[in-house]
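These notes are about the structure you will find just below.
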Amino acid sequence: MVHLLDNPFDADPIASPNKAPSYKRRKLWKILVRFTLVSTLIAVCYFFGRSIQWGTLSENYGFSAKDVDFMRYFCSQIQASSSQSFVSGNSLTQVVAEEELEHHKAGYLNPQDTPLPDDTIPDKVWDNLPVKGAYYMIVRNENLADARSVIKSMEDHMKNGTRYPWVFLNNQAFTAEFKRYVTRLTNAPVFFGKIDLQVWEYPHWIDIPRAEFLMLQQEIQGAHKGASLSYHQMLRYHTGYFFHHPLLRNVEYTWRVEPGSDYSCQMDQDMFLYMKQHQKKLGFVLTMREAPATIPTLWSRVNEFRSYYPEYILPQNETIWPWIVDKESGEYNMCHFWSNFQLADLSFFRSEAYQQYFKYLDNTGNFFYERWGDAPVQTIAAALFMQKKDIHFFNDIGYSHTSALHCPYNETLLRKCSCDVNSNYGKYLAIYCNSSTDCFNLIRDKAKQFRENSLAGYGQQEPHPEQQRKQLKEQDEAYEAMYQDPNKVEQKNALGVSMDDVPKAAAAVAAVKLDGNSQDQQVIAHDTADEEYRKLTDSALPRVKGAFVVLVRNSELYALRSSMRYLEDRFNHKYNYPWIFLNEEPFTEEFKNMTSMMTNAQVSYGLVPQEHWSYPGYIDQEYAAQCRDALAAQGIPYGGSESYRHMCRYQSGFFMLHPLLDNLDYYWRVEPGVKFSCDMDYDPFRLMQERDLKYGFTIALREYRATIPSLWKTTLEFAKTHPQYIYPRTRPDSLLRLVSDDNGWSYNLCHFWSNFEIASVKYMRSEGYQSYFRYLDEAGGFFYERWGDAPVHSIAVALMLKQSDVHWFYDIGYKHDNFEHCPTEEKWLTNSKCYCDPSTSFDFNLGSCTNLFLDVMNRTASSFIVTRPDPEDLPI
């Protein structure tokens, strides 16, 4: 601090012994101001010190960093003094204060109005539980969606829900919002703890500049999250500290739960009780190999420990040591139990052997200098200190996290699961550390050819400018012929539309005769919003004539079961709408049995007629094969697939004609391997009926231009010859702008992704739509090019329907392949109803057409929300 002279202008106080009265008054005034400021600072520190957001003082209010540090230090001294005086003379309170030190030491990190974290699980929690077990999760506030997703998954798949307590740990204080939306998912006790910063931050022996430099080097060398300090801290905490947290002091067994993971099998038994009754110390579902670059010196350090502490080491033939060591070299083979799923007896981690082992490794600093993970460190510990009979493989638990998946290797167990056993083999055999012959044979027999990964549309390069000019010229010629037609000119003028005022490209969609008695000109009485919502959520009302329709093969059984599980859990368990399965080949009895057991609703199995899945007589099959080869050479997804073209053609114009749909008003198309991530409180089928909707979607994106070079030209030819089916472009509620940015001159590639669509069967069977499909079919583009059902459906909707006929199911979370829609607006919706991460929503992608749809509709995303907040979501 800078101390000024009382009179900085008087360099020689002897020269002016008599101070002026005005100066004395200023001096007194300064003393009073300083006294007031110090008193105010003491009062603020005493009463509000923990809740002050110190960082914002410098960021938002202009305080210097040094002043902020001084004030923070000053406040911490006052708080410490007040705490000591408060607890003096009371030994019990002193013990509590010491335990709470973890939570209070960095109290300034706590958000305002946030209650203190939990530090103990009351004894009464264990009264009705056979084991002192707990689920524990290290999670941040911003990962609320991932935390809710896995909790919901476990609640859905456990026989009686998750009745054991939940322990959530964070290195910062949990927000009230996080606590509220997590607690509502389970009836089990829930506790929120704060991680001691002294075990989270760098230990004192770490050379921090060196650690930060080496972490950057790890990132450059490709180590996963190598440069992430928080990731290094989390791995170290999982390895050697979590079991010391006060919330776990009386816990015997923990089940580690990872945010964003998923469980896919019904769990009928109590896993904690199984561990205790069978005296298991460690349980796993996945084994993987560690990246060698992350643990270059771990094995040498382990061998040093073995030589220094031989008294802790068990005989190798009693442990899993042979499983983790290469026989020839004696080096670590990188195999480990993937510890983001782990059931553990905490007595193992608290044992003297493990504690000494962790301490030895921690003192090397390599949790920071390298990127040692909890999985290899704990697996090696199991190989050193644990008998192999103490380890259990939970084969009956279906589990997935990020890109890794375990599905039971057992036909009987699979009947309780919605996962795909093929995924175990197809993706992970090369890095699995499981040498079981039985498992290998089962996987080998089950493994099928996976579908190619489709990345529809948005990354496609634009055609060569010369090709584009040629295409536009061909379109211009088509428009010109129509523009010069005297009959068309007369008809347009009769409708009050001057041909001089309408662009040529718009002529195709303006050619329609208006009907004075059309439904859209009638005044229709609607229910009030509250009355409508009561209808939409009343599951006791007679069911709408709707059904889920799935085109699926026998080989897609397990992917389909996964889709059914999500849709049944999120919606259909309340309504029991029927399922209709269609296939070009007869369904197997296994398929029928294992799909019917996924629902209580009626299921039907239909065969696709041969004429709908074969070449029509007018197709040159030899030329079609040449076209497929040409597209395959360009690397277009499904470019060389013949069956994919039959599927697109069938989905474009035939499936809605199947006799199993004869008694339906609406269908909901479902694809194998999709995920529904929001609870649906209302009935989408009834919404379609109440609002007289014709088409509904969740994702809109752009098609590959190379797959549909002549589709728009053919569409314009249809519009020219069938104007009676086209909705007028001149009307303000036209949807043409959704598929064309230039009034119809060209197609902008936007389409509704039709693997999710809820639509009117009557509309899809209408003369207008079926005429359009037949016109396209006779042009041959389904075989000579690779026309997809998505752009075909979408263009038809844009040309034939009006805005009020189309609905964006914004509040239905949906994911297929790499594309996901997750609601992003209205916090109560994303936090209370959904289990997806809004930041992953494809709506933000440059390839999305959702913003264009909203612009055309002149609406906001939240205006499409139908579901309503629960009472707990309403502001107090």
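Taken together, the values in this text are just the output of simple stated rules run on the coordinates, not laboratory data. Only a predicted model underlies this, so the values are computations on that prediction, with no experimental measurement involved. Methodologically, a virtual Cβ is constructed for each residue, glycine included, from the backbone with ideal geometry; neighbour enumeration extends over all protein chains shown.
Between rounded, prolate and oblate, where does the stretch 252-314 land on the alpha carbon gyration tensor, with a ≥ b ≥ c its root eigenvalues, rounded for a/c under 1.5, else prolate if a/b exceeds b/c?
It comes out oblate by the Cα gyration axes.
Determine the alpha carbon to alpha carbon distance for each of LYS194/LYS675; LYS132/LYS388; LYS535/LYS592; LYS545/LYS574; LYS545/LYS720 and list only those over 27 Å.
Working: LYS194/LYS675 33 Å; LYS132/LYS388 24 Å; LYS535/LYS592 34 Å; LYS545/LYS574 16 Å; LYS545/LYS720 35 Å.
Pairs exceeding 27 Å: LYS194/LYS675; LYS535/LYS592; LYS545/LYS720.
Sum up the charges of everything whose Cβ sits under 15 Å from the Cβ of ASP326, counting Lys and Arg as +1 and Asp and Glu as -1, but leave ASP326 out. Provide the component values of the computation, followed by the final result.
Numbers: positive: ARG289, LYS327; negative: GLU290, GLU328, GLU331.
So the environment of ASP326 carries a net charge of -1.
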- Message: Please arrange ILE42, ILE208, ILE708, ILE812 by how many other C-beta atoms lie within 10 Å of their C-beta, fewest to most.
- Response: ILE208, ILE42, ILE708, ILE812
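Mind sorting TRP321, TRP255 by how few other Cβ atoms lie within 10 Å of their own Cβ, fewest first? If you can, show how the numbers build up before the last one.
Working: TRP321 17, TRP255 21.
Placing the least packed residue first, the sequence is TRP321, TRP255.
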- Would you mind telling me the antiparallel percentage of the DSSP bridges in the stretch 281-446, rounded to 5? 75
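At a 10 angstrom cut-off on C-beta neighbours, averaged per residue, how do the peptides 759-772, 116-129 rank from highest to lowest? Walk me through the numbers before you get to the answer.
Details: 759-772: 18.4, 116-129: 14.6.
Peptide ranking by packing, descending: 759-772, 116-129.
Provide LYS281, LYS416 in ascending order of the number of other Cβ atoms located within 10 Å of each residue's Cβ, fewest first. Show your work: numbers first, answer last.
Working: LYS281 22, LYS416 17.
Lowest to highest Cβ neighbour count: LYS416, LYS281.
Taking the stretch 723-876 on its own, what percent of its Cα-Cα pair distances exceed 21 Å? Kindly include the intermediate steps, with their values, before the conclusion.
Values: 6150 of 11781 pairs.
The proportion of pairs with Cα distances above 21 Å equals 52 percent.
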- Query: What list of ³J(HN,Hα) values in whole Hz, one per residue of the stretch 224-234 in order, does the Karplus curve 6.51 cos²θ - 1.76 cosθ + 1.60 (θ = phi - 60°) give from phi, with Gly and Pro shown as x?
  - Reply: 4, 6, x, 8, 8, 4, 5, 5, 4, 5, 5
- Convex hull of the stretch 281-446 built on C-alpha atoms - directionally averaged projected area, nm²: 10.3
- Note on the structure: Computed from the beta carbon distance with a Förster radius of 60 Å, FRET efficiency for ASP662 and ASN333 to the nearest 0.05 stands at 0.50
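On a full-extension model of 0.36 nm per residue, what is the gain between ASN317 and ASN743, subtracting their alpha-carbon distance, rounded to one decimal in nm? Let's see the in-between values first.
Numbers: separation 426, 0.36 × 426 = 153.36 nm, distance 7.70 nm.
Extra length available between ASN317 and ASN743 comes to 145.7 nm.
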- Query: Extension gain LEU37-ARG350, at 0.36 nm per residue separation less the Cα-Cα distance, in nm?
  - Reply: 107.6 nm
- Subtract the Cα-Cα distance of GLN602 and ASN818 from 0.36 nm times their separation in residues, and report this length gain in nm to one decimal. 74.7 nm
